[in-house]
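Below is one structure; the comments refer to it alone.
The values are calculated or read from the model by the stated rules, or taken from the named source; none is laboratory data. The structure displayed is predicted, hence computed values, not measured ones. Cβ coordinates were reconstructed from backbone atoms using ideal geometry, including for glycine residues, and neighbour counts include every protein chain displayed. Keep in mind that these areas ignore ligands, DNA and RNA; they rest on the heavy atoms of the full protein, side chains included. Shrake-Rupley method; radii C 1.70, N 1.55, O 1.52, S 1.80 Å.
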Amino acid sequence: MSIKIYINGEFFSKEDAKVSVFDHGFLYGDGVFEGIRAYNGKVFRLEEHIDRLYDGAKTIMLNITLSKEEMQEAILETLRKNNLKDAYIRVVVSRGEGDLGLNPLKCPKPNIIIIADKISLYPQEMYENGLRVITAATRRNVPEGVNPQMKSLNYLNNILAKIEANQAGVPEAVMLNVDNFVAECTGDNIFIVKKGKVITPPVHSGILIGVTRNAVLELAEKMGMPVSEETFTRHQLFTADECFLTGTAAEVIPVIEVDGRKIGDGKPGEITRKLIKAFREMVKEEGVEIYPDDN
Ligand code: PMP
């Protein structure tokens, strides 16, 4: 059965789900998006994702023509239409159709698109054995430009770094900011563990405030681990005891090597493994019910 895709309140098959080539999302990367997960009939931290989407839209002065409550319902309805309980959900709000100039004033109506599909994950082996990553030469966007706090449709900065990862034959790349501090990866936030302390770069390092990052910070605190948001360098990354990444698609995944340097003893660390387990339990418990009448 073909998936059903939400466009501006209507559902279309994959073949018929189309927007104009004059959409400024296509012409200029003008818009915002979200990646959200559903686990076993519950959407994980849906409100937090919707808030981030609307915050990004606010900064780029894109008026989403649905209220947050209507957006939530549209997402749940898309999951129901596709009979999904475990899913990856992509919400895209583009500036909409305009002319060939870049002026957003020429785009009267945004396009709102929701795609819900089965998820393709990193292979289980990587969760058990960890990832090798590199540092990209491409720097993360400066917050004074396209602020990384917005999940904008302009992902070329991250794609350039992803190309570097591809060239190096590894699945992810660490991105530094223009001050040479570690910011995040192309599609994941980064954490290190040093002497038992769980450390992740602060927002002012120029990062997306990951929903998974927030959940892991909460979990670590609840588990009694010292937690800190602080800047760190590549040197501190190389010499960390443990390293892991967080993201909606990746969840929590260990890193065992950066630029050829083994992290710790080159195996996923104990704190990382504890957090992977705790996160998996958390997503089973928490979330907005897709099929509330089933209970
Ligand atoms: N950083 C970037 C650049 C991302 O694209 C993502 C994925 N959305 C993340 C971090 C992780 O954020 P989240 O945990 O909200 O998926």
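List the strands (runs of 3 or more DSSP E) that sit entirely inside region 154-245 and contain at least 1 residues that are open to solvent by less than 60 Å² (accessible area, probe 1.4 Å) and within 12 Å of the ligand (Cβ to nearest atom).
Where strands (runs of 3 or more DSSP E) fall fully within region 154-245 and carry at least 1 residues being open to solvent by less than 60 Å² (accessible area, probe 1.4 Å) and within 12 Å of the ligand (Cβ to nearest atom), they are 172-176, 182-185, 189-194, 197-200.
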For this session: Any residue in region 70-97 that's farther than 23 Å from Met150 by Cβ: show its pairings with residues that are of a type in the set (Val, Ile, Thr) and open to solvent by 20 Å² or more (accessible area, probe 1.4 Å) at Cβ separation under 6 Å, as long as the two are six or more apart or on different chains.
Result: Asn82/Ile3
For this session: Go through region 251-291 residue by residue and tally those that are in contact with a helix residue (DSSP H, G or I) (Cβ under 9 Å, 6 or more places away or on another chain) and at pLDDT below 95.
Result: 1
